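Since the structure comes first, as structure tokens, the remarks are kept for the end.
The values are calculated or read from the model by the stated rules, or taken from the named source; none is laboratory data. Everything numeric here is computed off the predicted structure, so don't read it as measured data. We place every Cβ from the backbone using ideal geometry, glycine too, and count neighbours over all the protein chains shown. SASA here: full protein model, heavy atoms, side chains in, ligands and nucleic acids out. Shrake-Rupley method; radii C 1.70, N 1.55, O 1.52, S 1.80 Å.
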Amino acid sequence: LLVEASSNGTAGPWLTVATHDTDSAAWRSHTISPLDLAAAGLTQTADVRLRFTANDSGTASIVEAGVDAVNVDEV
């Protein structure tokens with residue numbers, strides 16, 4: 001599951017802020033801090049957007065992924 005962010009709305013550029021590349025049958029929690037965003041080169045603006053991409057790394061098959069309980073805090 002690739003997590004990308006853009007500070008320019010949907011126009012991009014899209015910067016990778018997290019990558020989850022292991023199989024899991026259970027829900028996981030992950031926090032992306034303002035320091036993580038800065039380290040990825042993201043400038044925080046009022047137009048920040050997130051996108052999530054799920055895909056196979058091997059032979060194409062059915063891919064299932066979910067994103068739940070997204071919380072954005074102002075710091």
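Side notes on the structure shown:
- Within the stretch 33-64, if we keep just the residues that are open to solvent by less than 70 Å² (accessible area, probe 1.4 Å), hydrophobic (A, V, I, L, M, F, W, C) and part of a loop (DSSP other than H, G, I, E, B), the residue that is farthest from G9 (Cα to Cα) turns out to be V63.
- Filter pass, P13 being modelled with pLDDT of 90 or more and over 10 Å from the mean Cα position of the chain (by Cα): yes
- Yes/no for S24 being open to solvent by 90 Å² or more (accessible area, probe 1.4 Å) and either touching a Leu at 6+ places or on another chain (Cβ under 9 Å) or of a type in the set (S, T, Y) (or both): no
- T10 being surrounded by 10 or more Cβ atoms within 10 Å (Cβ to Cβ), out of contact with any helix residue (DSSP H, G or I) (no Cβ under 7 Å at 6 or more places or on another chain), among the hydroxyl-bearing types (S, T, Y) and outside any loop (DSSP other than H, G, I, E, B): no
- Residue selection: A25 fails the criterion of being modelled with pLDDT of 90 or more, within 18 Å of D68 (Cβ to Cβ) and not in a helix (DSSP H, G or I).
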